Structures are given as structure tokens and as C-alpha cells.
């Protein structure tokens, strides 16, 4: 093995392999993932070549320095603050997600209601001044507020399972 | 009832409690993993501030998503994917914000808000600082992750590949490239390297 081959191996070998080749590691800890020249061959070269030996040692040293350097970098924020924010934010997101689900449900219910009314309208004889549309899970039976549609308009009043939210759907046309 | 002794069992016990809404258990869990989460986020993003944000985002996702952890995968493997997703989200947000800032900067509506570079405290030598900077700034994210998991944290290549969602052969490619990139510089800096070696 010459210096070039030795360094080529050193550039890709795992730290464990290099440590093993330097005799710094027990055999059972040596990695075998990289196809490398035999350690004996490498060791023979390193014994005669101080520069390759230095490079191998420097690689291991740099590896340790990098690991130590990264270990020193830790979050700067206080843990207690981070946990409080995490907890609050997680709960908030859960609520928002639930609201979104409800909102999709409401929209679906409204759409279903409008389609139903339209189909009645097209058949004639069904007046839609103010109708409570019942959609499973989203429409309550509480009293809907009285709503007057403008002339030539119809209105659908939908209560949702959120008592603060009532949907008014105005649309053109008046079924007779 | 006897307390579980095995660390793995202890961890699952803790997760179960946290999942059931025990805030103390969540706190213990988060405290135990926060530094590791930050480290993964840092290696993923390559930026101290993004890593800080990603750590916070990952804690939120951990809080919300613990219920989704089925226990089929190892907790760390699952958590690693949570952190990677959080980091990706933070980087997307940061990129959007940068684009917006750039747009305003071009139009002169806003002053540049680029923060001064943070000083990394506690690093004793310039050499270590240089190594960390090179690692974070010069290597692509995948190479950083591969090197961190395998060489620095001592994970097996198969486990590292699973965490990164790539094949082992791909992981090895990233790993070798990362090692070469980091070590090539040493060839220039180590004194006494000659090309005249023995045959």
C-alpha cells in the first residue's frame, strides 16, 4: 500500500475502522461496512509513514472535536417556557382542527340542505321563506331566529352544533 | 404495583402516561429528549435559529402526536421523523419570510431584518468552531444527517437508513461523501503529509 491508497482509504473509512487499524479498538467493535484494505496492510504502511499515521490520528481527533462541538450547542430558550408554549400551542391547534372539522361538516350540511330545497323548488309547490334544515349531527332543534328574505329571495337558516354559529343562506328565487 | 425497571419499558410507561394527559409525564419526556431534538434539528437545518424554532415546533408536535405513536417503531425512530418534519416546516416558513423580506427590501419598504450572526459560546478553540461551521454550512443536509447518525451518534447503518427513509446504499453514498468533504480539508492542514509514501 502506498500513501495515495492509504489516504484514499482514510477518507472514507469509518472512525471505528480507523481506530481499529490504529490498534485503539477491540476487534468486536470494528465496523465492517466499508470495504477496505486489510488492517494489517494499512498498519504496516502507517508504521513506515509518519504522515499517514498523523493523518489517521488527526481524523479521529477531528471526529471527536466535531462531536464535542455539536454537544456544546444546546437550545438557548428556557425549558419551562418551551414546555408551556408546546402545551398551549398543542391545545390551541387541537381546538382549531376540531373547529375546522365542524366547519366542513356545517358546509356539507348547508350544501345538502340547499340541494334538497332546490330539488323541492324545481318540483314546485314548496315554499322556502324560512326553513330549518335538519342535518345529522350539526343542526340542533333550538329555535332559529326569525329571518325575512328579500323579495325574490329565499333564505335557509341552519343551526350548527356550536350555539354561537347560525348559518343564513340567502339565494335568488322563490319557490311557489 | 411494581415500578418498571427496564429503560425501554420505563419509556413506554412514560409515553402511555403522557398520552393519557399526564402533564408531568410529558414534561419528563420532553426534558429527557429536548437536547437530542435540538441536535437533530440543528443537523437537519444547519442553522442555530432554525434549530431553536424546529425544536419548539417538534415539542408541540410531540404533545399533539403522542397518541399516534403506536409503539411499533422505536420511540426515537418515530421522534426523529417528527423532528425532521418540524424542521422542514420551519425551513419552509423561514424561506417564505426571507422571500418576503427580500421583496420588501427591493422595494425599500422595510429595513433588512437580518440578525447579526450568533456567537457560539463555549467552544474553546477556533479549530472546533471551524469544524462545526464546516459541518453545518458546507455539507448538504442529507450528508450531515448520515454522518451525525452513524459516525457521531454511533447508530448502525441500517437503523440510520430507516430513520432517514432511504436505502442503505444511498445512506452509504451520503456518508462517504460527508467523510470525504470533512477529511479532505485535513489533508491540507496536517503538516508533514507527503506524496512520497512507501509502496
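Relative contact order of segment B:1-100: 26 percent, from C-alpha pairs under 8 Å at least 6 residues apart in sequence.
Rounded to the nearest 0.05, the FRET efficiency derived from the C-beta distance between residue A:54 and residue A:94 at R0 = 45 Å is 0.20.
With R₀ fixed at 51 Å, the C-beta to C-beta distance from residue B:138 to residue A:80 puts the FRET efficiency at about 0.90. All Cα-Cα distances of segment B:132-185, cut into 5 Å bins from zero to the largest, leave 4, 24, 35, 22, 11, 3 percent in each bin in turn. Here segment B:1-99 is described by how far its Cα atoms reach on the three principal axes: 57, 24, 21 Å, from widest to narrowest.
Every read-out reported here was derived from the displayed coordinates using simple, explicitly stated rules and does not represent laboratory data. Just so we're clear, the structure is a prediction, and the values are computed from it rather than from any experiment. No Cβ is skipped: glycine too gets one built from the backbone with ideal geometry, and neighbour counts run over all protein chains shown.
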